[in-house]
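Structure record follows, encoded as structure tokens.
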């Protein structure tokens, strides 16, 4: 996540360079002729409305980065290693995988949170540089509300499928939701409740004994996208194999069409990803078709920035493969 924080800071610096006299209000100084916000950032920030953090460095770039890192510490990712999991079919390896999935998703959420923050004040005492970063609590509360609602929909969706195949997915989503809810409590003091408990997962009865699948890729699918698609199926409980023991074969094809765009130095592409599932007798079982349109400097850039969106679209339609 540290790399992501650095990237976010760099992007914000590129968008708009701040001078050392940021802020329209007159800066209040202490007896040492330093801004009061250096020692009491929340006083300037109005802590009821904002979260603030101070960074220090050899230049403004490093003090900005340090400020964002300090702010990120408010939203540290805490995954409960002692999950209240009673599902008899899950192994200790499954528990580790659940924690890894939830951690990765939460780190993405923290990066999104940091993107909403702004450097509002800067100070140079002649030898060291200081930056104050501010995060609007009202806007952040609304963002967290929206993200938690999305997770709730996914939890109930996969639970409603009543299939043990999705047990790990439900646990990972619930872990992610729990952590985001803790962030929300930090921001506005309010907990967002859900009418669901992990004990309900134990009531899932339907099971798929044949969990082995074979993936056959074609078209303009990159190595990274292949890996992401394989990881998606593994997270849902499938075992991906290349031998003849697979119960299902899933053909995955990506077609990329260049579209007209009247903007110099940028190109526009339509990505069409098609998945078709068959059994051992080559009988077609189902299919998933997802597409999106995006722009970038070249095809490689568009393919790279579109990976996560494509994976999410597949996940939302994956039951259409009729693998159960």
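The values are calculated or read from the model by the stated rules, or taken from the named source; none is laboratory data. This is a predicted model, so every value here is computed, not measured. A quick note on method: Cβ atoms are made from the backbone with ideal geometry, for glycine too, and the neighbour counts reach across all protein chains shown.
A few comments on the model shown:
- Selection status of residue 105, surrounded by 17 or more Cβ atoms within 10 Å (Cβ to Cβ), within 16 Å of residue 183 (Cα to Cα), within 25 Å of the chain's Cα centre (by Cα) and modelled with pLDDT under 90: yes
- Number of residues in segment 223-240 that are more than 16 Å from residue 308 (Cα to Cα) and modelled with pLDDT of 90 or more equals 1.
- Test: residue 185 is in contact with a helix residue (DSSP H, G or I) (Cβ under 7 Å, 6 or more places away or on another chain) and either without any contact (Cβ under 8 Å) to a residue 40 or more places away in the chain or under 25 Å from residue 314 (Cα atoms) (or both): no
- Test: residue in segment 150-173 that is surrounded by fewer than 22 Cβ atoms within 10 Å (Cβ to Cβ) and in contact with a strand residue (DSSP E or B) (Cβ under 6 Å, 6 or more places away or on another chain): yes
- Condition met for residue 199 (loosely packed, with under 13 Cβ neighbours inside 10 Å, assigned to a loop (DSSP other than H, G, I, E, B) and modelled with pLDDT under 85): no
Table: residues versus (1) under 23 Å from the mean Cα position of the chain (by Cα); (2) under 18 Å from residue 224 (Cα atoms).
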position	(1), (2)
263	no, no
276	no, no
279	no, no
295	yes, no
308	yes, yes
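- Within segment 222-246, the set of residues being on the phi < 0 side of the Ramachandran plot and either crowded, with 19+ Cβ neighbours inside 10 Å or in contact with a helix residue (DSSP H, G or I) (Cβ under 7 Å, 6 or more places away or on another chain) (or both) comprises 222, 224, 225, 228, 229, 232, 233, 235, 236, 238, 240, 246.
- Those strands (runs of 3 or more DSSP E) of segment 247-324 in which at least 3 residues are out of contact with any helix residue (DSSP H, G or I) (no Cβ under 9 Å at 6 or more places or on another chain), considering only elements entirely within it, cover 248-259, 267-279.
- The set of residues in segment 43-72 that are surrounded by 14 or more Cβ atoms within 10 Å (Cβ to Cβ), under 29 Å from the mean Cα position of the chain (by Cα) and at pLDDT below 80 contains only 45.
- Number of positions in segment 247-278 that are at pLDDT below 90 and under 28 Å from residue 212 (Cβ atoms): 1
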